[in-house]
Amino acid sequence: MHLLPLPALADNYIWLLHDDEGHALVVDPGDDAPVEQALAARELRLQAILLTHHHHDHVGGALALRERHGAAVYAPEDARIAAATVRVRDGERIDLPLPQASFEVIAVPGHTLSHVAYFGEGVLLAGDTLFSMGCGRLFEGTPAQMLASLDRLAALPADTLLCCGHEYTAANGRFAREVEPDNAELSVRVEEVAALRASERPSLPVSMASERATNPFLRTDAPAVVEWCRQQPGHPADRTARFAAVRSAKDAFRA
């Protein structure tokens, strides 16, 4: 299976996976044009579309692609996702005949209440729940829900490749260094991302091993993050309060 990030809109990635026989699936096509261009350039046939949540920049092109290609559209139970042909739930497995691929559905409420991620073929298709060195804003869920969702994703195998919905990595890295300025692995990752972006290359995908070592939202129990939280207003002590404090600080961060 070949994995490609397709830049779309302002800073989105649409993820395209295809086999050697030209069968393809796409994830979160907020715009159909980049998908059509990639299909034509590689002589691929679109068979399936996976959607993680209802936001327009993730579903905006799904209906047009479904109508042109007859592709099945997998999406969570949410009436706001009108293009869906197959509804998916937590713990279910999607077995695609073409391209031959299998994905576990993981419910990850927080960014939105109905958000799901897809795990399989060595990749985590995380939408806007988990970003490299960051996580999504809490538009509908609570800090406790988002932390539980992130805990589930952090438990995936270390060599899993994170494929998320936006190119936010450089800004996320700058914030992460505010929380853990002495994290050596974080410093290496920040420099790596700077080099990639300077050459106009994506910062993604990235391994879950790297994320567990560098992402403050997956490191609420790390001593440096605990110490950072002790220095914040209210001195948040329990895991959920620490996560909420880091998320609140990221919401206000400008650098």
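Here are the numbers for the structure shown:
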{"quantity": "Test: residue in the stretch 197-208 that is among the hydrophobic types (A, V, I, L, M, F, W, C), without any contact (Cβ under 8 Å) to a residue 60 or more places away in the chain and out of contact with any Gly (no Cβ under 8 Å at 6 or more places or on another chain)", "calculated": "yes"}
{"quantity": "Filtered residues of the stretch 66-103 (kept if farther than 26 Å from residue 243 by Cα and acidic (Asp, Glu))", "calculated": "67, 77, 78, 92, 95"}
{"quantity": "Complete set of residues in the stretch 160-216 that are within 17 Å of the chain's Cα centre (by Cα) and among the acidic types (Asp, Glu)", "calculated": "167, 211"}
{"quantity": "Test result for residue 92, more than 20 Å from residue 165 (Cα to Cα), of a type in the set (D, E, K, R) and in contact (Cβ under 8 Å) with a residue 12 or more places away in the chain", "calculated": "yes"}
{"quantity": "Elements of type helices (runs of 4 or more DSSP H) contained in the stretch 136-255, each with 2 or more residues being of a type in the set (Phe, Trp, Tyr), modelled with pLDDT of 95 or more and crowded, with 19+ Cβ neighbours inside 10 Å", "calculated": "none"}
{"quantity": "Residues satisfying the stated conditions in the stretch 226-240, i.e. in contact (Cβ under 8 Å) with a residue 12 or more places away in the chain and closer than 11 Å to residue 179 by Cβ", "calculated": "226, 228, 229, 232"}
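Residue by residue, here is whether (1) part of a strand (DSSP E or B); (2) β-branched (Val, Ile, Thr); (3) on the phi > 0 side of the Ramachandran plot; (4) buried (at least 22 other Cβ atoms within 10 Å of the Cβ) holds:
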site: 6; (1), (2), (3), (4): yes, no, no, no
site: 13; (1), (2), (3), (4): yes, no, no, yes
site: 26; (1), (2), (3), (4): yes, yes, no, yes
site: 34; (1), (2), (3), (4): no, no, no, no
site: 37; (1), (2), (3), (4): no, no, no, no
site: 46; (1), (2), (3), (4): yes, no, no, yes
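The values are calculated or read from the model by the stated rules, or taken from the named source; none is laboratory data. A quick note: this is a predicted structure, and the numbers were derived from the prediction, not measured. In this analysis, Cβ positions are derived from the backbone assuming ideal geometry, glycine residues included, and neighbour counts consider all displayed protein chains.
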